[in-house]
1. Largest first and in whole Å, give the semi-axes of segment 304-442's equivalent ellipsoid, each being the square root of 5 times a Cα gyration tensor eigenvalue.
2. Counting Lys and Arg as +1 and Asp and Glu as -1, what is the net charge of the other residues whose Cβ lies under 11 Å from the Cβ of G214?
3. Averaging over all projection directions, find the projected area of the Cα convex hull of the chain and quote it in nm² with one decimal place.
4. Given the options I438, N422, M178, identify the residue whose Cα lies farthest towards the positive end of the charge dipole of the chain (+1 on Cβ of Lys, Arg; -1 on Cβ of Asp, Glu).
5. Between 0 and 90 degrees, rounded to the nearest ten: what's the tilt of helix 108-125 against the longest Cα principal axis of the chain?
6. Could you tell me the relative contact order of the chain? Use alpha-carbon pairs under 8 Å, at least six residues apart, and round to a whole percent.
7. With everything on Cα atoms, drop me the angle between helix 355-377 and the longest principal axis of the chain, reported from 0 to 90° to the nearest 10.
8. Using the alpha-carbon centroid of each, what span in Å lies between segment 138-170 and segment 36-78?
Amino acid sequence: MSDLAASHALPRADDEQRLDKYPALGVNLMAQITSRSRLNAAWKRVRANKGAGGVDGVTIDTFIEWFKPRAQAVQEQLTNGTYQPLPVERVTIPKPEGGERHLGIPTVLDRIIQQSIVMTLEPYIDPSFSDASYGFRPNRSAHDAIDKIRSGINAGRKVAVDVDLSKFFDRVNHDVLMHLLAKHIDDKAVLKLIGRYLRSGVNENGKIVASRKGVPQGGPLSPLLSNIVLDVLDKELESRGHHFARYADDFMILVKSQRAGKRVLSSITRFLSERLKLNVNAEKSQVVNYHRSQFLGFTFRGKHLQIHPKSLQRFKQRVRKLTSRTWGVGMSTKIVKLSRYLRGWIQYYGIANSYQRCTDLDHWIRRRLRMCYWKQWRRVRTKVSKLLSLGVPTTLSVTTGSSRKGYWHSAKTPGINWGLSNEWLLKQGLVSLRSQWITLHYG
């Protein structure tokens, strides 16, 4: 494949300004997307992300053997424009705040092709996005978006305009999206392929349903396409001089008064409806003092960043699930899985001023694990024997083991805390949120 520079066509003299703004114009993008090196890189990314198979039943583990006899045909179909993506597999997951979120899982092959499209288009398109956009972009994170909001609060913008887009990913207008995409690229083969992905359909309980709108969450292409649509909103907010941050479809605008906030909410709701054909959830959208708002799982208290109560509620629900008796695995496996979750959670939420919160959560987690062990041992003889083996004195082992107190209450008693001490749980592999928080803040 020729290199990137060589793939540029000569621009028309009257199109130089447009080419500066949209550098992918005139580029043979499909040649890059279908190159062996790009597809191999895309496969490595998809394989690393793992994930379930799609409607064809092919998994990450079985893909190579399945693909070998089909590789040449797929390459030819992509090149001549006859490739037809398969429908996505509908997966429904509960939303933390209630309701359901619909995911669309493409086949492994379609994930690879989508990933190759993203890896090709992103270097051209991403630099044109707003600096206030942080979701699913290289070298940007949710923490950066939080910092942007904090800077606005510190500058005196104390009123938050919290706009909730109603089922954004399910309701993206295809005509609007393709019109915006065609501004960035003019490779008709790529536009045609992306259009086919948008219209590939959804497998719902064995029935293929046409997809006339929406960008299914679950495929590599979805984040880039959603950013292309919402960049129009970003540019509108910038032109009005607003201080805001956006992460995917979650965004917050800061203003200086309730009156200004209500005016902004009304005008932005109208803009989203008329320009982008998107609906705002009026019940969930609000204009409030910043400390009553939430953004990306956090809330703001003066200069302090705190974990929002709903985030803590979701955290405890997840810990309960990971330590549940209905999950038929041993305690050692549960602790491994739990600790993996705790590390990821504190990496995200650890930026908050949450030392005491982490300390309290550590106490709660340890008590819950002690309760789980106590339930597992069940019989009095087993409980006494286990406590003795853990170095608990005989009298205390017997009185603790024969107690009729409930499991949760027992988990706080001296005998169990002696045997299943903090140090003992640490040796089993349990991560301490408090220790992780200290490391994040003080090294």
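1. Values: eigenvalues 175, 46, 35 Å².
They are 30, 15, 13 Å, listed largest first.
2. Details: positive: K167, R171, R199, R212, K213; negative: D170.
Taking every other residue near G214 into account, the sum is +4.
3. Across all orientations, the chain yields a mean hull projection of 26.8 nm².
4. N422
5. Its long axis makes an angle of about 70 degrees.
6. On the way: 596 pairs, mean separation 65.2, N = 443.
About 15 percent, as a whole number.
7. Once rounded, one gets 60 degrees.
8. 37
Read-outs: derived from the displayed coordinates by stated rules, not from any lab. Computed from a predicted model, the values in this text were never measured in an experiment. We place every Cβ from the backbone using ideal geometry, glycine too, and count neighbours over all the protein chains shown.
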